[in-house]
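Step one of this worksheet: look at the structure below.
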Amino acid sequence: TDLRPLDILSEVVPTGRLARGMRVFQVQGVRGFQLAASHPRALGFPASRLFIHCDRFPEEFSIIVTLRVLRVPAKRNEYVFTLMAEESPSVLVGLRYAPDKLHFLFWSQERTGGWQTRVTFPNVSLSDNQWHTLVLAVSGQSFSLTVDCSIPKDVVVETPFPASLSVKRASFYLGNRRRRKGVFTGLLRQLVLLPGADATPRVCTTMNFKVATLSVPTVLQNLPAKPVSNEVLKYPYETDTKVTLGSRPPCTKQEKAQFWFNASRRGLYLCNGSAWISMLEVKQRLDYVEEYQNLVTNSETMGVEVFTIPKVGLFAATANRYTPPGSAIYKWTDGKFVPYQNIPTYQAQSWKYFTIGKKIFLAVANFEQNDRGQEFSVIYKWSRRKEKFVMYQRITTHSARDWEAFVIEGEAFLAVVNHREGNNHNIDSVIYRWNPRTGLFETNQTIPTSGAYDWEFFTIGPYSFLAVANTFNGTSTKIYSHIYIWLSGSFQLFQSILTFGAADWEVFRIGDRIFLAVANSHSYDSGMPAPSNFYAINSSIYELNITAQMFVKFQDLLTYSALDWEFFSVGDDSFLVVANSFDGFTFSVNSIIYRWQGYEGFVAAHHLPTVGCRDWEAFHTTEGSYLLYSSAKEPLSKVLKLKTT
């Protein structure tokens, strides 16, 4: 072989004319083929069209597939492609998808007496309505699957792929095995056979890993040109769109993929099955900020979490200092937050909202012991019947400051920040893994931390990261905070950054650039002379340098005992707001909104009077965009409205 890519998908449309049972759809700006089950044989072609000089399937090869999988029923298998002999119902080579599994099939007459061998890759989750690119590399007994250019999954089997598999009188079938049952119901964009090589290095050369391309049929490469006069489009494609005018219509599964045009805001919105997502509207610009609501809280508020429960509404959970009365959950009703539910907490520091499948959870980080001298943080689960959060699982913690929830390779995790145990600040924080069998979180990994305040999870391409804000080691706040990377089933140290009483990490993206901001709260070292002001210190923004594979300092901003950063956007503009809490003399300190100005970096744009500001949350409703800040020094938080032009 000359190692050229053999484009199976293009062979089905060699002249650009779609075969019977094929349609072109565009989803998320990417085009793919949808296949009909009614004419499976029409989606085939003789293998001799690919194997011109040799009628043997290559012994070593890669298969590259770009697809978008719909939700597949639990007991259903769907075929991406098959290679079948004309006189036999057996599959010579095939790729089959089942829920959370991918099966590679091949026929080996020599070693198995004429039986089919199946190589299974478990925990392959593709049914998320997103595009994914798979690279399956085959060499003898070794089979390797790479999903979206992430870490390969390797399988070694007893039966090697045959060294001499005849393809005489055999045909490729796209999305089926020559039968209506098991037809692929998603979208196919790329299906390529590369003989003699692992295609991963050739495919994974772009930042957009999910649609990485080796060879794509011409009909799928570009949007069709605008037809001249009455000329029809050369390649018809469909989007099944419907546009609704007038007042805001409902957005449920029935309206999914439909559009709504809001004439008053001159905006076009797409229903994703639960909410209207802005697709096109007149870009707004932030003009000024006005006070919108004084939110009276049970006591001083250490943190706030804003979240939406589908088909129920928008909520805010405040982590309040004292028990009783504990912490509160508020619901957005008629344009205001109103009390909805009280939950007993013990000097609560923060809340974290997350979901696992259809289950909805809210975890609180408790800083102090309960009335019985027990120290627990608690996970609450949303009861659809009661329409309340009810206690679900208690986890032993040590002066917990923060929870972080995340998913890696289809598995759910929950990480707690343990601040101190007694007077010892150098203790382990814990990462828990969700056990689907027991329905509980179980300890997965411990990481040493020093008076830690915050976890921040983020992903870059196929890689997952977890950053910890270390605050105090018992003698100094001038200590290293760490960024960990997920490798081989656990988090391993990636980079250490010197911080000063770090209280928060905030990751955000502007275009293709990735930033990480740290909120430094105070500078104290028992072995050093006291500075003129412990609290007026720089907080820093770091940018990912892809070449150096590390975060490098981008900008310093003077802050006053900063405790939180919050990133948000208005129109095409990006902003950072800092929670300044104390300047060394008073808790009445201006918190500042910084505006991104490209080469200048972040520039102060708005100065907001706050009292003991602890946390910021940005949120949006149909009425506009808002900021909510919590005060750790008075039982009053404020909702501010962003006024735009």
message = Which residue is surrounded by the fewest Cβ atoms within 10 Å (Cβ to Cβ), if the candidates are limited to the stretch 332-354 and must be part of a loop (DSSP other than H, G, I, E, B) and not β-branched (Val, Ile, Thr)?
response = Asp334
note = In the stretch 414-456, anything out of contact with any strand residue (DSSP E or B) (no Cβ under 8 Å at 6 or more places or on another chain) and either open to solvent by 20 Å² or more (accessible area, probe 1.4 Å) or of a type outside the set (Gly, Ala, Ser) (or both) is listed as Gly422, Asn423, Asn424, Pro436, Arg437, Thr438
request  = Report yes if Tyr484 is within 25 Å of Val430 (Cα to Cα), free of Cβ contacts under 8 Å to residues at least 24 places away in the same chain and among the aromatic types (Phe, Trp, Tyr), otherwise no.
outcome  = no
ask   = Among the residues of the stretch 429-452, is there at least one that is farther than 28 Å from Met302 by Cβ and of a type in the set (A, V, I, L, M)?
value = no
task = Go over the candidates Tyr599, Tyr629 one by one and state the one that is among the hydroxyl-bearing types (Ser, Thr, Tyr), surrounded by 14 or more Cβ atoms within 10 Å (Cβ to Cβ) and assigned by the TED database to the domain that holds Gly313.
result = Tyr629
Selection from the stretch 602-624 of residues that are surrounded by fewer than 19 Cβ atoms within 10 Å (Cβ to Cβ) and within 15 Å of Phe337 (Cα to Cα) = Ala618, Phe619, His620, Thr621, Thr622, Glu623, Gly624
key: Criterion violated by Glu404 - all others in (1) charged (D, E, K, R); (2) open to solvent by 30 Å² or more (accessible area, probe 1.4 Å); (3) in contact (Cβ under 8 Å) with a residue 24 or more places away in the chain satisfied   = (2)
ask   = Is it true that Asn176 is in the same structural domain as Gln26 (by the TED database), open to solvent by less than 50 Å² (accessible area, probe 1.4 Å), under 22 Å from Gly410 (Cβ atoms) and part of a loop (DSSP other than H, G, I, E, B)?
value = no
query = With the stretch 359-442 as the region, which strands (runs of 3 or more DSSP E) entirely inside it contain at least 2 residues that are of a type in the set (Val, Ile, Thr), over 20 Å from the mean Cα position of the chain (by Cα) and at pLDDT 95 or above?
reply = 376-383, 388-396, 426-435
query = Being crowded, with 22+ Cβ neighbours inside 10 Å and within 30 Å of the chain's Cα centre (by Cα), is that true of even one residue in the stretch 528-536?
reply = no
request  = Could you run through the stretch 35-82 and say how many residues are within 29 Å of Pro152 (Cβ to Cβ) and of a type outside the set (Phe, Trp, Tyr)?
outcome  = 27
ask   = Ile329 versus (1) open to solvent by less than 10 Å² (accessible area, probe 1.4 Å); (2) part of a strand (DSSP E or B); (3) without any contact (Cβ under 8 Å) to a residue 40 or more places away in the chain: which is the lone unmet condition?
value = (3)
ask   = Picking from Phe500, Phe587, Phe568, Phe515, which residue would you name as being farther than 30 Å from Arg285 by Cβ and buried (at least 21 other Cβ atoms within 10 Å of the Cβ)?
value = Phe500
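The values are calculated or read from the model by the stated rules, or taken from the named source; none is laboratory data. Please read these numbers as outputs of a predicted model, since none were measured by experiment. Heads up, the Cβs are rebuilt from the backbone with ideal geometry, glycines too, and the neighbour counts pull from every protein chain shown. These accessible areas exclude ligands, DNA and RNA; they are computed on the full protein's heavy atoms, side chains included. Shrake-Rupley method; radii C 1.70, N 1.55, O 1.52, S 1.80 Å.
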